[in-house]
Amino acid sequence: VCGRSSDGERAPASHAPPERAPEEPTPEPEVPEGFSRVCAADELADGEIAEFIVDDVPIALARIGDAHHAVGNTCPHAGGPLGDGLLEGTVVACPWHGWGFDVTTGVCALDPTLAVDVHPVRVEGGAVWVDVSGAAPT
Ligand code: FES
């Protein structure tokens, strides 16, 4: 059994050709992998919620203090846009019929068996980033 690594040994740096060409451009360091930029970190005021489309997925992004929370924008009752609702504490009231959804858990206050998607959020480089890869198909 050969114990050598197939990588071989490094040649002296001054005369060595690059061992591997870069396969793709290096992403900007502040871009969290799997996340997409939504808006500037200061775009929403404390207590504000708004609708955004991220990678074709409609989300409702809420800011509570310095924390941001992202949930699916479409109310499971009849499709109302939660991002247009009124945020009180951690609960957004759907603008169509008033059902409340906790933006930290996605759970409906009226019927805990109902919930909207909750999407991971990060704040990096002065921007809010959301990962919508777990969004339920519509
Ligand atoms: S559509 Fe949201 S409560 Fe009816």
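Observations
- Pairs are defined by a Cβ separation below 6 Å, a sequence spacing of at least 6 or placement on different chains, a first member in region 116-138 that is at negative phi and hydrophobic (A, V, I, L, M, F, W, C), and a second member that is exposed (fewer than 14 other Cβ atoms within 10 Å of the Cβ) and not in a strand (DSSP E or B); the pairs so defined are Val132/Asp55.
- The number of residues in region 58-85 that are part of a strand (DSSP E or B), within 12 Å of the ligand (Cβ to nearest atom) and surrounded by fewer than 19 Cβ atoms within 10 Å (Cβ to Cβ) comes to 1.
- Listed conditions (1) away from the ligand (no atom under 16 Å from the Cβ); (2) among the small types (Gly, Ala, Ser); (3) modelled with pLDDT of 95 or more; (4) open to solvent by 60 Å² or more (accessible area, probe 1.4 Å) are all met by Ala109, apart from (1).
- Residue pairs whose Cβ atoms lie under 6 Å apart, sitting 6 or more positions apart in sequence or on different chains, and linking a residue in region 81-92 that is touching a residue at least 24 places away in the same chain (Cβ under 8 Å) to a partner that is open to solvent by 50 Å² or more (accessible area, probe 1.4 Å), are Pro81/Glu51; Gly83/Glu51; Asp84/Pro95; Gly85/Pro95; Thr90/Thr104.
- Which listed residue is more than 26 Å from Asp131 (Cβ to Cβ), surrounded by 10 or more Cβ atoms within 10 Å (Cβ to Cβ) and either at pLDDT below 95 or in contact with a Pro (Cβ under 7 Å, 6 or more places away or on another chain) (or both), from Ala16, Ala11: Ala11
- Region 32-50 residues that are among the basic types (Lys, Arg), paired with ones that are in a strand (DSSP E or B) (beta carbon under 6 Å, 6 or more apart): Arg37/Ala127; Arg37/Trp129
- Any hit, region 50-57, residues being surrounded by fewer than 22 Cβ atoms within 10 Å (Cβ to Cβ), assigned to a strand (DSSP E or B), out of contact with any Cys (no Cβ under 8 Å at 6 or more places or on another chain) and among the charged types (D, E, K, R): yes
- Enumeration of residues in region 86-102 that are near the ligand (Cβ under 6 Å from one of its atoms) and closer than 21 Å to Val121 by Cβ: Cys94
The values are calculated or read from the model by the stated rules, or taken from the named source; none is laboratory data. As the structure is a prediction and not an experimental result, all values here were calculated from the model. Note that we place each Cβ from the backbone using ideal geometry, even for glycine, and neighbour counts take in every protein chain shown. When the accessible area is computed, the model is the full protein with side chains, heavy atoms only, and any ligands, DNA or RNA have been set aside. Shrake-Rupley method; radii C 1.70, N 1.55, O 1.52, S 1.80 Å.
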